[in-house]
1. Could we say that Leu95 is surrounded by 15 or more Cβ atoms within 10 Å (Cβ to Cβ) and within 28 Å of Asn40 (Cα to Cα) here?
2. Examine segment 66-75 for a residue that is open to solvent by less than 20 Å² (accessible area, probe 1.4 Å), under 14 Å from the mean Cα position of the chain (by Cα) and over 17 Å from Arg148 (Cα atoms), and state whether such a residue exists.
3. Just give me the residues in segment 64-85 being under 19 Å from Lys96 (Cα atoms) and among the hydrophobic types (A, V, I, L, M, F, W, C), in sequence order.
4. Can you tell me which of (1) loosely packed, with under 13 Cβ neighbours inside 10 Å; (2) modelled with pLDDT of 95 or more is the one Leu4 doesn't meet?
5. Starting from segment 74-87, keep only residues that are over 16 Å from Lys37 (Cα atoms), then list their pairs with residues that are of a type in the set (Asp, Glu) whose Cβ atoms are within a distance under 8 Å, requiring at least 6 positions of separation or different chains.
6. Return the residues of segment 27-51 that are more than 12 Å from Arg62 (Cα to Cα), not in a loop (DSSP other than H, G, I, E, B) and not hydroxyl-bearing (Ser, Thr, Tyr); say none if nothing qualifies.
7. Can you run down the residue pairs with Cβ atoms below 7 Å, 6 or more apart or on separate chains, where the first is in segment 33-62 and at positive phi and the partner is among the aliphatic types (A, V, I, L, M) and open to solvent by 50 Å² or more (accessible area, probe 1.4 Å)?
8. Quick one: would you say Ala126 is modelled with pLDDT under 95 and either over 16 Å from Thr59 (Cβ atoms) or of a type outside the set (Val, Ile, Thr) (or both)?
Amino acid sequence: MSRLLPTATFLLLTVLASAQSDPTALLEEARTTLNEKSLNDARSAIEQFPQKDSTYFYTLARVDSYRCNGAQLRNDKKVASAALDQAIDEAQQALKLDDHSAIAHALLGDLYGQKIGLGVGMMLGARFGPKIASENKRALELEPNNPRVLASLGRQYFFAPKMFGGDIDKSIDNFKKSTELDPKSDETFVWLALAYRKKGDAASATKAVDQALSLNPRSLFAQNTKAGK
């Protein structure tokens, strides 16, 4: 047994080292914890991608979107704004390389929504609201049954004022469709919980956020939503 231990230990260390350098694993950890170091580590790993194609810029945009969220939690508006501007640039670059990427269009729509959320006043809504609708429309044309596209559309209906097309029932419907297509997406279950909460359906909101936590107990987004933050 003692002779096998060094080999087993080596294999374990090899697996751990691989996980620590795997961009997908690092991005998953970053979005789960929104920890600043995890977010920066994920970004550094993605930057090592050998091929700077649409997927590369899309993935960078995703991590920078989470960097924006993490900075907002730390009340660091300067970093949040800079990260969001980077994410928008990267999503636009992804679409320059592949305009047929539905998820890149949906992500850009989400990022424009974040831009409104970071700002103050009606002018940002007037400027970016139509862009959100345009990106989501294009994404739906390309892949109407893509769960990320439907989740983005759900957020569009969630955040838009009623006079500009906001509709909580449509938001819920799109989040539900998204979770049916991707039942492992803890993030979308949190959004579904927020939509039910906005509608005033506390029981359904609790059920949705509990589902998110069962899928990813460490999700800071789910934990904060459960706590009512």
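The values are calculated or read from the model by the stated rules, or taken from the named source; none is laboratory data. None of these values were measured; they are calculated from a predicted model. Note: ideal-geometry Cβ built from the backbone for every residue, glycine included; neighbour counts use all protein chains shown. We work out accessible area using only protein heavy atoms, side chains counted, and drop any ligands, DNA or RNA first. Shrake-Rupley method; radii C 1.70, N 1.55, O 1.52, S 1.80 Å.
1. In short, yes.
2. yes
3. Passing the criteria: only Leu84.
4. All conditions pass for Leu4, except number (2).
5. Leu84/Asp64; Gln86/Asp64; Ala87/Asp64
6. Across segment 27-51, the qualifying residues are Glu29, Glu36, Lys37, Asn40, Asp41, Ala45.
7. Leu34/Leu73
8. yes
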